[in-house]
Amino acid sequence: MKRPNKKETKKPAEIRLNRYIANAGVCSRREADNLIAEGRIKVNGKVKTEMGYKVKRTDTVEYKGRKLKSETHQYILLNKPRGFVTTTKDPHAKRTVMELVEKACEERIYPVGRLDKETTGLLLFTNDGETAKKLTHPSHKVKKIYQVELDKPITKADFDSILNGVELDDGPAVVNEMAVLGEDNKVLGVEIHIGRNRIVRRIFEHLGYDVKKLDRVMFASLTKKNLPRGKFRHLSPKEVMGLKGIK
């Protein structure tokens, strides 16, 4: 029997072309099949239309003249506690959210959007640039639901004003839905699709309220169910496809 030569190197692993394209963040595998069938994908300079075609990691794959880089995409959901700054690096911050997810995966991930230091709740991390861009671009109107606790009961007039749209220094702030959650009129549920900096706090501060607690309980289709404060989890394949399917 021939002994393996220690100097021999393993052949690069092959993966299906549609998976390579999906891993590069271009689209889903099904949509990648369409791109391949339409002759819009090149491998090593040649158009490939064969379904099930496999490529090596060392092959050059191009779409619209751009070389694609395939990597394993990671999607991490954190239930952020108070006191952590949403940034990848800040020499002036004692604690950043990156500390909380540093053991989540080997890939370099980054937060999608922001939660201010005192705001708690759902924060997504990924290395999928296409999906991150989709989730933060205002044209996609991604749903965000917050639970807000005020320093004093909200009046009916202010409640109606917020639903009608408040004019802030940087433009109108539209709240899509709002409901009173407590009998003392201090706790509210707020659904909002815009994502400007500190927007929820600023809406209430504009009307003279101090936000005592602010917790993001839903982001896109993701919720805090079974996710304790300060902990993270990986998204399921179904949840990932839900995010990728946002129009």
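Some observations on this one:
- Backbone phi angles across the stretch 63-68, fed through the Karplus curve with coefficients 6.51, -1.76 and 1.60 (θ = phi - 60°), yield HN-Hα couplings of 9, 6, x, 10, 6, 8 Hz in residue order; Gly and Pro are listed as x.
- Entry comment: accessible area of the chain is 61 Å² per residue, from protein heavy atoms only and a probe of 1.4 Å.
- Modelled this way, with points 7 Å down the Cα-to-C-beta line, the labels at residue 223 and residue 56 are 4.9 nm from one another.
- Under-5 Å amide H pairs with residue 181, H placed in peptide plane, nonlocal only: 187, 188, 189
- Counted charge near residue 163, where neighbours are those whose Cβ lies closer than 12 Å (Asp, Glu -1; Lys, Arg +1): -3
- Theoretical FRET efficiency, 1/(1+(r/R0)^6), r = Cβ-Cβ of residue 137 and residue 30, R0 22 Å, to 0.05: 0.45
- Each label was represented as a point 7 Å from its Cα along the Cα-to-Cβ direction; for residue 107 and residue 164 these points are 4.7 nm apart.
- Rounded percent of accessible protein surface that carbon and sulfur make up, the chain, 1.4 Å probe: 48 percent
- Counting only the Cα atoms, the chain fills a convex hull of 194 Å³ per residue.
- Förster radius 41 Å - calculated FRET efficiency between residue 15 and residue 198 (Cβ-Cβ, nearest 0.05): 0.45
- From the C-alpha gyration tensor of the stretch 44-151, square roots of 5λ in Å: 36, 17, 11
- Charge tally around residue 52: other residues with Cβ under 13 Å, Lys/Arg +1 each, Asp/Glu -1 each, net +2.
- Long-range HN-HN contacts of residue 75 with modeled amide H, under 5 Å: 235
- Qualifying GluC sites (Glu not before Pro) in the stretch 177-223, DSSP loop, other Cβ atoms within 10 Å at most 13: 183
The values are calculated or read from the model by the stated rules, or taken from the named source; none is laboratory data. Only a predicted model underlies this, so the values are computations on that prediction, with no experimental measurement involved. Neighbour counts are summed over all protein chains in view; Cβ atoms, including those assigned to glycine, are modelled from backbone coordinates with ideal geometry. Note: accessible area is taken over every heavy atom of the protein model, side chains too, but ligands, DNA and RNA are not part of it. Shrake-Rupley method; radii C 1.70, N 1.55, O 1.52, S 1.80 Å.
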